[in-house]
Amino acid sequence: MRELDTKNELHTQIQYRLIEKLTESERRHRELVENLREIVFECDYQGQLTFINKAWTETLGYPVQDSVSQPLDKFIHGPDAKVWQSVLRQQKDCCLELQFSHQQGDILCLELSIRFSPTAKPSGSLINITERKQAELILKQTNELLEDRVQKRTSELTQANQELTIALQKLQQTQGWLIQQEKMSSLGQLVAGVAHEINNPVNFIHGNLLHVQHYAQDLLGLVQKYQQYYPNPVSEISAEIDGIDFDFIQADLPKTLSSMQTGSDRIRQIVSSLRNFSRLDEAGSKAADLHEGIENTLVILNHRLTSDIEIVKHYGTLPLIDCHPAQLNQVFMNILTNALDALQAHAVTTPRITICTAAIAQQQVRIVISDNGPGIPAEIRDRIFDPFFTTKPVGDGTGLGLGICYQIVEKHQGQIQVKSSADQGTEFIITLPITLENAATLPA
Ligand SMILES: Nc1ncnc2c1ncn2[C@@H]1O[C@H](COP(=O)(O)OP(=O)(O)OP(=O)(O)O)[C@@H](O)[C@H]1O
Ligand SMILES: [Mg+2]
């Protein structure tokens, strides 16, 4: 009996100790949970809070005793309450961000983690991430602002780049224009100088030829008179007449003099063409005859017009054109030179250049210069007017000819077009107004 009593007492003591330890452990855990900065909560499957630690009040402002047994969604802000209800329905562990209303009215962003256990009520934690969210928002805004700035700056730079590219192109064109101007002006000066130098002596010859013709006629007449009245001269004179073949001289001298006349006329014509081509004596625009310009250019190019090259001219009736004749001559010169180059480089069997002119509607004239050369391949047709574009070997072509033509025609308020296909020849069509709208814009 005493033994039983002792056992019971021991048992009671063990139980007492166990309860003491359990109480101590629970107190420690409660204290641990209470001291956490995160909200720890427990609720039932309807979402009614059964436990919350004091971080609840620190975070959201509501007293713990007023909040326990309230549904959690009462504290959730706006449409997020529906998200919470769907979490409750699905009963799946998850972690998500929800907006809560603070007792003072502020909206806070809390990160909710919840666990659903088959043996216990759903429990979890709520961490205040409002500051992090705000920082993220500021970061996002700053990022967007930066991106905007970068984009703006990039587009500014792209635009500046485009402007620079255009400026560079213009500079290259101007440079090309200047080089060509210089070339043409030197050529013009040379041509004008040569023409001037030849002009005086040729006039000298031309002016005196007429006198020489008269003198020769007089002398021959005199000799004839001698022969008439003294048919039997002394033997020395007879020998001299036979020796110099007087009959032949008598017949040939007028012919020689007339061919000299033709030659000097031709030289005078060339000199006048050279002077007209260079037109150095004229400044600004004037009413000019385009046919004269084309003819003068052909004279300049005469050395390249070998007998096998046929030049076909279909000249219409053209009025005088408001233009800078020396510049339009450059256009004809460049196009005709290109045609000659193409015909010669490809050894065309019956080389032909055709020049057609006509007055057309809207007070305009059209000049078409075509050749039956190899044509311009489609892949380069768009580039032939670009300054420095050439298919000729280095040293043969600068690639400026057509670029200059384009600029001159444009400045004359006209258009230049090209029609060409491989093996079909090339056709340049120039359209010019008869009168210029504002002649002052024309380059000097
Ligand atoms: N009638 C033509 N037939 C075939 N190709 C042509 C003709 N006219 C122009 N081209 C092509 O167009 C290119 C550009 O011509 P452009 O007159 O501008 O320069 P280029 O003749 O090469 O050099 P340059 O500055 O000495 O005139 C030529 O290199 C040539 O390939
Ligand atoms: Mg050329």
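The values are calculated or read from the model by the stated rules, or taken from the named source; none is laboratory data. Please read these numbers as outputs of a predicted model, since none were measured by experiment. Backbone-built Cβ (ideal geometry, glycine too); neighbour counts: all protein chains shown.
Data overview
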| read-out | value |
| --- | --- |
| Output for region 358-412, where each listed residue is within 7 Å of ligand 1 (Cβ to nearest atom), in contact with a Ser or Thr (Cβ under 9 Å, 6 or more places away or on another chain) and hydroxyl-bearing (Ser, Thr, Tyr) | THR390, THR398 |
| Some residue of region 93-101 being more than 20 Å from LEU49 (Cβ to Cβ) and surrounded by 10 or more Cβ atoms within 10 Å (Cβ to Cβ) | no |
| Identity of the residue in region 415-432, of a type in the set (A, V, I, L, M) and surrounded by 14 or more Cβ atoms within 10 Å (Cβ to Cβ), that ends up farthest from ligand 1 (Cβ to nearest atom) | LEU432 |
| Residue within region 267-283 that is at pLDDT 90 or above and aliphatic (A, V, I, L, M) present | no |
| Answer from VAL212, VAL202 - the residue that is in contact with a Lys or Arg (Cβ under 7 Å, 6 or more places away or on another chain) and part of a helix (DSSP H, G or I) | VAL202 |
| Restricting region 391-414 to residues that are crowded, with 16+ Cβ neighbours inside 10 Å and in a loop (DSSP other than H, G, I, E, B), the residue that is nearest to ligand 2 (Cβ to nearest atom) | GLY397 |
| All positions within region 1-35 that are of a type in the set (A, V, I, L, M) and either more than 30 Å from ARG115 (Cβ to Cβ) or in contact (Cβ under 8 Å) with a residue 24 or more places away in the chain (or both) | MET1, LEU4, LEU10, ILE14 |
| Residue under evaluation LEU436, criteria (1) under 18 Å from GLN173 (Cα atoms); (2) surrounded by 19 or more Cβ atoms within 10 Å (Cβ to Cβ); (3) away from ligand 2 (no atom under 16 Å from the Cβ), criterion not met | (1) |
| Matching option when the condition is under 60 Å from the mean Cα position of the chain (by Cα), exposed (fewer than 12 other Cβ atoms within 10 Å of the Cβ), polar (S, T, N, Q) and at pLDDT below 95, among GLN90, GLN134 | GLN134 |
| Residue check, SER259 among the polar types (S, T, N, Q), exposed (fewer than 13 other Cβ atoms within 10 Å of the Cβ) and out of contact with any Lys or Arg (no Cβ under 9 Å at 6 or more places or on another chain) | yes |
| Failed criterion for TYR45 (all others in (1) at pLDDT 90 or above; (2) assigned to a helix (DSSP H, G or I) hold) | (2) |
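Residues are listed down the side, and each one gets a yes or a no for (1) of a type in the set (Gly, Ala, Ser); (2) closer than 16 Å to ILE127 by Cβ; (3) in contact with a helix residue (DSSP H, G or I) (Cβ under 7 Å, 6 or more places away or on another chain):
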{"residue": "LYS7", "(1), (2), (3)": "no, no, no"}
{"residue": "LEU18", "(1), (2), (3)": "no, no, no"}
{"residue": "ARG27", "(1), (2), (3)": "no, no, no"}
{"residue": "GLU34", "(1), (2), (3)": "no, no, no"}
{"residue": "ASP44", "(1), (2), (3)": "no, no, no"}
{"residue": "THR50", "(1), (2), (3)": "no, no, no"}
{"residue": "GLN65", "(1), (2), (3)": "no, no, no"}
{"residue": "SER69", "(1), (2), (3)": "yes, no, no"}
{"residue": "GLN99", "(1), (2), (3)": "no, yes, yes"}
